[in-house]
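As structure tokens, the structure follows; a few thoughts come after it.
The values are calculated or read from the model by the stated rules, or taken from the named source; none is laboratory data. Bear in mind the structure is a predicted one, so any value in this text is a computation, not a measurement. Cβ coordinates were reconstructed from backbone atoms using ideal geometry, including for glycine residues, and neighbour counts include every protein chain displayed.
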């Protein structure tokens, strides 16, 4: 059965969620552009290597689109050095490939231009000059080898808190707290609520160290495979993933100069946590325990919040739907009365009867 106080007002947090809010516009929304291009590493470039560049972009340009906006000229002691600027398959990464091996120990100058047709001076310059340099190493690139991979997994268990996975008591009526079009999840002011589901997952950190000198390492990228599928790649050496099932990871190392691949050793996580991973049922009665004065209940959802006029008891002692008390239209409150039609006054007679165990 349901025994709860009739407040006659909607909780303040729900009122706030329904108020019109003045939201700041998203700056540069829909604009694409290249904001800068610079060498990925400060290390010298191997004499048989390529210059690896990273572009700072706006609006999610692909590498091919970035390269179309960038022109570069490389010189050595004022003389032009032949080469080509090329896109890669990795986000925001470009390479400049010299037509001939670099001169060991020489210092090269790079000048270039970025052209952004959409540039307005605020969301990217229409024309951005580039100027930087690099030094050639004395030695060629070391032999490509697999990255030294370590995998660390940490278990987490988070209750699933949504309007459809909550059970409440004592005049808690959750609502979806939304501001500026972004949902911040279910929240409530009064009473107590607990989830009927929980989600077990692993936060996994996969680290792949290049295992070579800085100059050689600057020529390689790491590609993360999850159960065989490529899920990330680039110059990063650390990757973060979340998994809800036992999963295997592998870090391959790839040469940007040659395209050669050194496969890493696969490492798996989650076997010991198999039974705890994924979404599982919770008993909210165990969480709420004796904290509630009223019975536990759930309500139907209206306008992204619980409708306090359409609630029913929850649990083993729940009253059948046909016996649920009907709120009085004349009460002006919309809350269900305690049995016997006594409303709030009936609580005195009932002595704040607790939920049956």
Residue 265 fails exactly one of the following numbered conditions: (1) farther than 23 Å from residue 86 by Cβ; (2) part of a strand (DSSP E or B). What is the number of that condition? (2)
Can you confirm whether region 64-79 contains a residue that is crowded, with 19+ Cβ neighbours inside 10 Å, modelled with pLDDT of 95 or more and in contact with a helix residue (DSSP H, G or I) (Cβ under 6 Å, 6 or more places away or on another chain)? no
Say we look at region 126-145 and pick out the residues that are in the same structural domain as residue 48 (by TED's automatic domain parsing) and without any contact (Cβ under 8 Å) to a residue 24 or more places away in the chain; which of these is farthest from residue 82 (Cα to Cα)? 126
Verdict on residue 109 being surrounded by 14 or more Cβ atoms within 10 Å (Cβ to Cβ), modelled with pLDDT of 95 or more and touching a helix residue (DSSP H, G or I) at 6+ places or on another chain (Cβ under 6 Å): no
Failed item in (1) in contact with a helix residue (DSSP H, G or I) (Cβ under 6 Å, 6 or more places away or on another chain); (2) in a loop (DSSP other than H, G, I, E, B), with residue 114 passing the rest: (2)
Here is a check on your reading of the model: is residue 231 buried (at least 20 other Cβ atoms within 10 Å of the Cβ) and either out of contact with any helix residue (DSSP H, G or I) (no Cβ under 8 Å at 6 or more places or on another chain) or modelled with pLDDT of 95 or more (or both)? no
It is to be established whether one or more residues within region 80-101 are modelled with pLDDT under 95, in contact with a helix residue (DSSP H, G or I) (Cβ under 7 Å, 6 or more places away or on another chain) and at positive phi. yes
Would you mind telling me which numbered condition in (1) in a helix (DSSP H, G or I); (2) modelled with pLDDT of 95 or more residue 52 fails? (1)
Considering residues that are in a loop (DSSP other than H, G, I, E, B) and surrounded by 17 or more Cβ atoms within 10 Å (Cβ to Cβ), the number found within region 283-300 is 5
Test residue 261 against the criterion of being crowded, with 18+ Cβ neighbours inside 10 Å, touching a strand residue (DSSP E or B) at 6+ places or on another chain (Cβ under 8 Å) and closer than 30 Å to residue 96 by Cβ, and give yes or no. no
Here the qualifying pairs (Cβ atoms under 7 Å; residues six or more apart or on different chains; first in region 96-109 and under 20 Å from residue 54 (Cα atoms); second assigned to a strand (DSSP E or B) and at pLDDT below 95) come out as none
Could you list all residues from region 151-171 that are touching a strand residue (DSSP E or B) at 6+ places or on another chain (Cβ under 7 Å) and touching a residue at least 60 places away in the same chain (Cβ under 8 Å)? 151, 153, 155, 157, 159, 160, 163, 166, 167, 168, 169, 170
Of all residues in region 59-86 being out of contact with any strand residue (DSSP E or B) (no Cβ under 6 Å at 6 or more places or on another chain) and in a strand (DSSP E or B), which is nearest to residue 36 (Cα to Cα)? 80
Scanning region 121-158 for residues that are crowded, with 17+ Cβ neighbours inside 10 Å and in a strand (DSSP E or B) gives 128, 130, 134, 136, 149, 151, 153
Please note which strands (runs of 3 or more DSSP E) are completely contained in region 175-235 and include at least 3 residues that are closer than 30 Å to residue 275 by Cα and not assigned by TED's automatic domain parsing to the domain that holds residue 295. 182-187, 192-195, 197-209, 220-226, 229-234
